[in-house]
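Asks: Quick one: the structure is below, and I'll ask about it shortly.
The values are calculated or read from the model by the stated rules, or taken from the named source; none is laboratory data. What you are looking at is a predicted structure, and each value in this text was computed from that prediction instead of being measured. When we count neighbours, we look across all protein chains shown, and the Cβ atoms used for this are built from the backbone with ideal geometry, even at glycine. What goes into the accessible areas is simple: the full protein's heavy atoms, side chains included, and nothing from ligands, DNA or RNA. Shrake-Rupley method; radii C 1.70, N 1.55, O 1.52, S 1.80 Å.
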Amino acid sequence: MTEEIRMPIEASHIMMFARAICDDNPIYRDPEYGEENKPHSIIAPPTFVRAVAQFDPHHELRLKSGKKWFGSGKNASGLAGKAPSSGGLHAEQHFEYHRHLKPGDQLSVTSRNGDTWEKESRRAGKLKFAETVHEFRDQSGELAITMRSVVMHTEKPVEQD
Amino acid sequence: MPLSASKLHVGDTYEEVVVDDLTRTQLVMYAGASGDYNPLHTDEIYTTEVAGYPTVFAHGMLTMGLTGKMLTNYVGDGRLTKFGVRFTNQVWPGDTLTATAMVKEINETKGTLLMDLDVKTLNQKGETVVSGYATAKIDP
């Protein structure tokens with residue numbers, strides 16, 4: 001079990017997230033539309049809680065001030081060695097919704113490691129899979145969303161046909 | 001409009017083009033909103049010279065988010081109880097994606113009417129980029 005992350009659910013973040021997934025549904029941005037239509041509030045899109053990365057102080061895939069970054073600058077990579085995510089690809093993602101989130105919710109998020117397994121593949125060599133389970137609890141301590149993510153580490157970049 | 005069990009049939013499908021000619025700017029927007037700043041999605045130099053891919057490619061979660069837009073347009077807002085996918089092919093700038101849901105089963109659990117869906121998103125070549133499932137609450 002890693003440390004608990006606090007994730008405030010905010011209307012502007014929901015609006016930006018909806019734009020990022022090309023979803024113009026007013027339920028993600030318009031409070032009046034939200035009041036007049038079910039479920040009677042702005043809500044967050046179904047995949048929104050993956051943005052918990054924004055609130056994780058140790059998130060590896062965010063540039064941190066004063067630290068070397070593996071993306072390009074003067075050179076093609078700012079790091080000489082292997083990048084933190086090198087070879088890591090997203091393999092599976094699962095959500096269970098106990099209730100949908102709205103602006104003002106204050107989530108407490110815990111995560112734990114799940115199963116690991118291996119597989120051989122034609123296009124990327126040996127694949128190593130690792131599962132993480134996140135639980136998002138609201139301000140009353142009730143479970144709102146359970147999220148299961150599977151990341152796959154490949155032996156080499158995925159060959160393109 | 002919420003879906004009504006009396007008007008639904010196993011095998012019914014709903015389909016939507018969820019993105020047409022995906023842009024690199026969309027990937028930048030997704031990185032900014034989600035907090036996944038992996039250079040594989042936005043940094044052409046790193047991705048081609050260091051990671052060994054032909055160009056930047058979409059976050060899996062962007063493809064799932066686009067697929068989720070089709071689902072919520074079909075089942076209504078706040079109706080999903082489950083949504084899961086496997087990412088089966090990468091999505092590239094220029095791709096056009098079509099997401100489809102097919103009614104697999106309609107059942108009642110503890111007094112709630114639920115619909116199970118098979119979910120699939122294909123690129124313009126007909127390759128599956130995500131495949132999965134969803135469950136949504138429906139009206140009688």
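Asks: Of the accessible area of segment B:84-140, with the probe set at 1.4 angstrom, what percent is carbon plus sulfur?
Replies: Working: 1240 of 2560 Å².
The C+S portion of the solvent-accessible surface of segment B:84-140 is 49 percent.
Asks: Something else about it: Could you check the spin-label model distance between residue A:143 and residue B:102? Points 7 Å from the Cα along Cα→Cβ, value in nm.
Replies: Output for this residue pair reads 3.1 nm.
Asks: Provide the buried accessible surface between chains B and A in square angstrom, both chains summed, 1.4 Å probe, rounded to the nearest 100.
Replies: 3700 Å²
Asks: If you don't mind, there's one more thing I want to ask. Could you report segment A:57-161's accessible area per residue, 1.4 Å probe, as an integer in Å²? The partial results should precede the final answer.
Replies: Working: 6050 Å² over 105 residues.
That works out to 58 Å² for each residue.
Asks: How far is it, in nm, from the label point at residue A:128 to the one at residue A:37 when both lie 7 Å from their Cα along the line to the Cβ?
Replies: Here the modelled spin labels are 4.6 nm apart.
Asks: Mind checking the per residue accessible area of segment B:1-90 for me, 1.4 Å probe, whole number of Å²? Please list the in-between numbers first.
Replies: On the way: 3590 Å² over 90 residues.
Per-residue value: 40 Å².
Asks: What's the average, rounded to a whole number, of partner chain beta-carbon atoms within 10 Å of each residue's beta-carbon in A:89-102?
Replies: Numbers: counts 6, 10, 5, 8, 11, 7, 9, 6, 9, 1, 2, 5, 1, 1.
Mean partner-chain Cβ count within 10 Å for A:89-102: 6.
Asks: Could you tell me the calculated FRET efficiency between residue A:160 and residue A:106, based on Cβ-Cβ distance and R0 = 41 angstrom, to the nearest 0.05?
Replies: Working: r = 44 Å, r/R0 = 1.07.
Efficiency, from the Cβ-Cβ distance: 0.40.
Asks: If each of residue B:109 and residue B:7 carries a label point 7 Å out from its Cα toward its Cβ, how far apart are those two points in nm?
Replies: It works out to 2.5 nm between the two label points.
Asks: Something else now. Given a 1.4 Å probe and every protein chain left where it sits, what share in percent of the accessible area of segment A:1-109 is carbon and sulfur? It would help to have the intermediate numbers written out before the result.
Replies: Numbers: 2880 of 5750 Å².
Carbon with sulfur: 50 percent of the solvent-accessible area.
Asks: Sticking with this structure for a sec: Grab the other residues whose beta carbon is less than 14 angstrom from that of residue A:11, score K and R as +1, D and E as -1, and report the net.
Replies: With Lys, Arg at +1 and Asp, Glu at -1, the net is -2.
Asks: Could you work out the helix-only [θ] at 222 nm for chain A, with each DSSP H run of four or more residues adding -39,500 (n - 2.57) and the total divided by the number of residues, to the nearest 500 deg cm²/dmol?
Replies: Working: 2 runs with 16 residues, N = 161.
Helix-only estimate at 222 nm: -2500 deg cm²/dmol.
Asks: Calculate the length of the line joining the C-alpha centroid of segment A:113-157 to that of segment B:56-94, in whole Å.
Replies: For segment A:113-157 versus segment B:56-94, the Cα centre distance is 17 Å.
Asks: Highest mean first, how do A:144-153, B:122-131, A:61-70, B:62-71 rank when packing is the count of other Cβ atoms within 10 Å averaged over residues? Could the numbers behind the result be given before it?
Replies: On the way: A:144-153: 19.5, B:122-131: 16.2, A:61-70: 13.1, B:62-71: 26.0.
Highest-to-lowest ranking by the protection proxy: B:62-71, A:144-153, B:122-131, A:61-70.
Asks: Here is a further query. Taking every residue in B:127-135, how many Cβ atoms of other protein chains lie within 10 Å of its Cβ, on average?
Replies: Numbers: counts 1, 0, 0, 2, 0, 3, 1, 2, 2.
If you average over the peptide's residues, the count of other-chain Cβ atoms is 1.
Asks: Something else now. Tell me, in nm to one decimal, what length is gained between residue B:88 and residue B:25 on full extension, where the rule is 0.36 nm per residue of separation less the Cα-Cα distance? Don't jump to the answer; show the numbers that get you there.
Replies: Working: separation 63, 0.36 × 63 = 22.68 nm, distance 2.31 nm.
Stretched fully, the residue B:88-residue B:25 segment lengthens by 20.4 nm.
Asks: Per-residue mean of other chain beta-carbon atoms within 10 angstrom of the beta-carbon, peptide A:49-57?
Replies: On the way: counts 0, 9, 5, 2, 5, 5, 1, 1, 0.
Averaged over the peptide's residues, the number is 3.
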